[in-house]
Amino acid sequence: MGYPYSHDQEVPIISKYLGDPEARTLEGWKARGGYQALEKALEISPEDVIEIVKDSGLRGRGGAGFPTGLKWSFMPKDKSRPHYLLCNADESEPGTFKDRELIRWVPHLLIEGCLIGAYAIGADHVYIYCRGEFFEATQVLARAVEDAYSAGFIGNNVMGSGKNIDLTVHVGAGAYICGEETGLMNSLEGRRGEPRVKPPFPAAVGAFGMPTTINNVETLCAVPPIVKNGGEWYRQWGTEKSPGTKLFCVSGHVNKPGNYELPLGFPLHKLIYEIAGGIPGDRSLKAVIPGGSSVPILSAQECENCELSYEGVEEAGSMLGCASVIVMDESTDIVHQVMRMAAFYAHESCGQCTPCREGTSWVTQILKRIEDGRGTEEDLTTLIDLTDQMVGTTICVLSDSVAAPVQSSIVKFKDEYVAMVRRGEKLGIT
Amino acid sequence: MSKIPFKNDGWSGNTGEYDLTEEQVRGIDFVGERPIGGGHPSVSPSYPYMLEDKNPDASLFEGPYKERFEKILTRYPDKQAALIPALNLAQELRGYISPVTMDEIANLIGLSPAYVRSVSTFYTMYNKQPVGKYLIQVCTNISCNLCGGEDVLDAFLKYTNAELGEISNDGIFTTIEAECLAGCGFPTCVQINSQYFENVTINEVPKIVDYLKSIHEKSSMSQEEEG
Ligand SMILES: Cc1cc2nc3c(=O)[nH]c(=O)nc-3n(C[C@H](O)[C@H](O)[C@H](O)COP(=O)(O)O)c2cc1C
Ligand code: SF4
Ligand code: FES
């Protein structure tokens, strides 16, 4: 069930207990079948756990959609050095608000997912890296972790299995880039959260120089139900390439914004008009960003037949990302919103790579100039050329994330840019 | 600042279909009174406590804070990883991170002062100078912006009578613009100190500001009585 609204077309697997305060407590969680999946996992071999997750086809919910079982299998089998599991709870992609809900409503589901993950990859210690702004959610998680320690689910000899798994709640200090996996590792180590050059990949050299796997909160929350019910069970929902269910964060111009858990492949149009209650005032749809602010904008027409699976959104010309569906109606000033997104990336660029550091702020300045009515049509070509040079030339993909909304909006909403430029010309500003 | 005597219309606890109290939504009852010494070491790097009144001269670290700092040191394979938790702890006590604080932390952890400065200035949550007793952070990123975030920001500036980022004349408010707070489904999302205010519209802004003023007055009155 979604929060704060639900819909009967939802398939509540991980969101079943959102809005149920009793599910937070250890007793309440156990009464809801909690920690049975962990018990089952500990009875089979780590390899078998990975096999189940591989069979399920679960893909990472942090944005990239990398198959989780495959990622886990990259961890070295040699246990002479410590291994780590990091849970990425830095949720800061504009439009995304699912991990905070999961942490504050079902903290034990996350803990259970972390423990199963740690067992599967042979990690001795799990760090849950929460973004610093999550004071409330972090306190809920902290209390749940303490309870799970005293009940013997975390710590020495987990559930009598002979395995020792520690878990620490770590709190960041505000920086979007710490959500990037290697930036998060640097931040955890007490450094600036600057992404690292890959290779080496985290499975070889990760946090504290040791083999590390990093997973998003939602990914780890999906693991206990999969382990409990099997990989095939999870595949009854979704598509061949995008199995299972996903939380869709719907925000912007809809009557019922919120999180909804739906099978992957769900039609975007239906999500907006049926599940999320349509657009206020019956205004018409102008555009949708389907996966958080880092992905290309879709025009209303492109939304018509768009199917919300990893491959479906790609076909429609964008990316599913973390399924953060930002809905914009006809009243939206596209240029202003794109400028606001560019300003975000300029603020959050860590500054290591020149195309990103310079590019993000130039793009923002040019967009501001256009908005102020001092732009020229040449500026639009400059924006395209500039953002072209920001793709694939940097350490991480934050740089590419600016290019996506800028280029797609100039292509799809050129009229609006041109109108803004002309308006300035008419007023004699340029 | 845990209990708000009113719910705004769009409060995440009473929108939608859930008939929950604010305490239930926030998990206040479940969390309970968290020990100032940090509780179990596994959660010592998280925030057990948010102090209403900061003391810029508080020492680093004494009593329960020392206990918490020492627990933090046990949670990582090396000492440097305690840097960000230690800075968080210092800000919780002092309200901001001054260059002097950075140097003290560098000393405590055994890092060079220059390095600690480069790390502290990387993170946006560290206030580099004093802020008002209530730090109001208004999200103006895309989802909130589509629903009026910029107007809410302006309203806070107007009702607290302050410039962006400056402390108001009465010394209790600082309003800043924030990036996405991961509450996009509850626009506009505003963080005041450790607490989220969700679905804030311009109509609620005066109510929120008055409420903060009233709890400030209450707390300063009780301080006078004690003093
Ligand atoms: C700039 C940037 C920011 C990111 N922010 C987040 C984030 O806030 N949360 C998250 O889970 N993943 C984020 N990611 C993705 C992570 O790098 C990583 O792919 C993910 O945590 C892996 O987990 P998964 O396989 O479970 O999806 C970000 C990536 C980039 C490039
Ligand atoms: S692309 Fe940008 S954010 Fe990423 S490492 Fe380079 S400068 Fe930093
Ligand atoms: S856009 Fe405002 S909280 Fe995400």
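Only Cα sites of chain B enter the Debye sum here, all with the same form factor; the resulting log10 I(q)/I(0) across q = 0.10 1/Å is -0.52, listed in q order. Accessible area ranking (1.4 Å probe, heavy atoms, ligands and nucleic acids excluded), largest first, for A:His336, A:His269, A:His347, A:His108: A:His347, A:His269, A:His336, A:His108. Split the accessible area of region A:157-311 by element, probe 1.4 Å, and carbon with sulfur accounts for 48%.
Note on region B:175-227: Cα convex hull, mean projected area over all directions, 4.4 nm². Taking 20 Å as the limit for the C-alpha separation, the pairs A:Lys30/A:Lys228; B:Lys133/B:Lys218; B:Lys54/B:Lys79 exceed it in the case of B:Lys54/B:Lys79. Going by Cα centres, region A:309-366 and region A:206-245 are how many Å apart? Cα centres, region A:309-366 to region A:206-245: 27 Å.
Once backbone amide H atoms are built at 1.01 Å from N, A:Gly62 has A:Asn216 as its partners under 5 Å, excluding neighbours fewer than 5 places away on the same chain. If you plug the beta carbon distance of A:Lys270 and B:Lys79 into 1/(1 + (r/R0)^6) with R0 = 45 Å, you get a FRET efficiency near 0.25.
Given R0 = 30 Å, the distance between the Cβ atoms of B:Gln129 and B:Tyr211 translates into a calculated FRET efficiency of 0.70. Against chain A, whose longest principal axis comes from its Cα atoms, helix A:46-56 is set at around 40 degrees. Multiplying the residue separation of A:Lys198 and A:Glu358 by 0.36 nm and subtracting their alpha-carbon distance yields 55.4 nm.
According to the calculation over all Cα-Cα pairs in region A:1-153, the P(r) per 5 Å bin from zero is 2, 9, 16, 21, 22, 18, 10, 3, 1, 0 %. For A:Thr168, nonlocal amide neighbours, meaning residues 5 or more places apart or on other chains whose placed amide H falls under 5 Å from its own, are A:Val126, A:Tyr127, A:Ile128.
Buried surface for the B/A pair, taken as the accessible area of each chain alone minus that of the pair with a 1.4 Å probe, is close to 6100 Å² in total.
Note on region A:122-177 and region A:43-100: Cα centroid distance 16 Å, given to the nearest whole angstrom.
Stretching the chain fully between B:Thr21 and B:Asn203 yields a gain of 63.3 nm (0.36 nm per residue, less the alpha carbon separation). In a fully extended conformation the segment linking A:Thr376 and A:Asn164 would gain 70.0 nm over its present Cα-Cα distance, using 0.36 nm per residue. Of the residues A:Thr393, A:Thr332, A:Thr239, the one with the largest accessible area comes first in the ranking A:Thr393, A:Thr239, A:Thr332, computed with a 1.4 Å probe on protein heavy atoms. Couplings for region A:6-11, taken from phi via the Karplus curve 6.51 cos²θ - 1.76 cosθ + 1.60 with θ = phi - 60°, read 10, 8, 6, 7, 5, 10 Hz in order; Gly and Pro are left as x.
Would you please name the trypsin sites (Lys or Arg not before Pro) within region A:46-78 that are DSSP coil residues with at most 15 other C-beta atoms within 10 Å of their C-beta?
The qualifying sites are A:Lys77.
Along each principal axis, taking the top coordinate minus the bottom one, the Cα set of region A:249-385 gives 41, 33, 24 Å in descending order. Amide H to amide H, with H built 1.01 Å from N, A:Gly238 comes under 5 Å of A:Gly244, A:Leu264, counting only residues 5 or more places away or on other chains. Only Lys, Arg, Asp and Glu carry charge here, each on its Cβ (+1 for the first two, -1 for the last two); on that basis chain B has a dipole of about 700 debye about its Cα centre. Using the Karplus relation 6.51 cos²θ - 1.76 cosθ + 1.60 with θ = phi - 60°, the per-residue 3J(HN,Hα) values for region B:182-197 come to 6, x, 4, x, 10, x, 7, 9, 10, 10, 10, 6, 9, 10, 8, 10 Hz, with x marking Gly and Pro. Across region A:181-195, rounded Karplus estimates of 3J(HN,Hα) from the backbone phi angles (6.51 cos²θ - 1.76 cosθ + 1.60, θ = phi - 60°) give 4, 7, x, 4, 4, 4, 5, 4, 7, x, 10, 5, x, 8, x Hz, Gly and Pro being marked x.
Based on the reciprocal of the average 1/r between different C-alpha atoms, the Kirkwood radius for region B:41-122 equals 12.7 Å. Note on chain A: percent of Cα-Cα distances in each 10 Å bin, starting at 0 and stopping at the bin with the largest distance, equals 5, 22, 30, 25, 13, 4, 1, 0. Run the helix sum for chain A: -39,500 (n - 2.57) per DSSP H stretch of 4+ residues, divided by residue count, reported at 222 nm to the nearest 500 deg cm²/dmol. Per the formula, -12000 deg cm²/dmol. Helix A:377-388 and the long axis of chain A differ in direction by around 30°, with both axes built from C-alpha atoms.
Using a simple spin-label model with pseudo-atoms 7 Å out from Cα toward Cβ, B:Glu224 and A:Arg422 lie 6.4 nm apart. The distance separating the Cα centre of region A:381-415 from that of region B:164-184 comes to 31 Å. Here's the picture: a label point sits 7 Å out from the Cα of A:Asp78 along the beta-carbon direction, and within region A:119-161 the residues with their amide nitrogen under 20 Å of it are A:121-125. In this structure, B:Glu33 and A:Arg283 have a Cβ-Cβ separation that, at R0 = 51 Å, corresponds to a calculated FRET efficiency of about 0.60. Here the label points at B:Lys158 and B:Ser59, each 7 Å from Cα along the C-beta direction, are separated by 4.9 nm in the simple model. Over every Cα atom in region B:12-84, the radius of gyration and the widest Cα-Cα span, Dmax, amount to 16.3, 47 Å.
The values are calculated or read from the model by the stated rules, or taken from the named source; none is laboratory data. Note that the coordinates shown come from a computational prediction; the quantities given were computed from them, not determined experimentally. All Cβ positions, even for glycine, are placed from backbone atoms using ideal geometry, and neighbour counts span all protein chains on display. The accessibility values were calculated without ligands, DNA or RNA, using every heavy atom of the protein model including side chains. Shrake-Rupley method; radii C 1.70, N 1.55, O 1.52, S 1.80 Å.
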